[in-house]
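Please treat every number below as a calculation from the coordinates, not as lab data. Predicted model only: the values in this text are computed from it and were never measured.
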């Protein structure tokens, strides 16, 4: 039996504004990875971020990432955590 844990998080990205504007999108990806690591209790090598999440962060260029982002995190039984955008209902 596959034991999956699926959770939707709204991740605040306010702290991204504290870094130089040329590094904000990169910092936003790091913040997402750290948030998922903390809440799903896993390590950095086990977190996989979907390209759609990356595109959502970079949509308004490197200087203006969103203030928050809603993501869906799914942990599989082997420990891998996949982070993606939630499907629109």
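Here are the numbers for the structure shown:
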{"quantity": "Segment 5-84 - percent relative contact order, Cα under 8 Å, separation 6 or more", "calculated": "44 percent"}
{"quantity": "Residue-averaged 222 nm ellipticity for the chain, from DSSP H runs of 4+ at -39500 (n - 2.57), nearest 500", "calculated": "-9000 deg cm²/dmol"}
{"quantity": "Beta bridges by DSSP in the chain, antiparallel share as percent, to the nearest 5", "calculated": "80 percent"}
{"quantity": "Computed Kirkwood radius, in angstrom, where 1/r is averaged over Cα pairs of the chain", "calculated": "13.4 Å"}
{"quantity": "Rounded if a/c under 1.5, otherwise prolate or oblate - segment 38-83, Cα gyration tensor axes", "calculated": "prolate"}
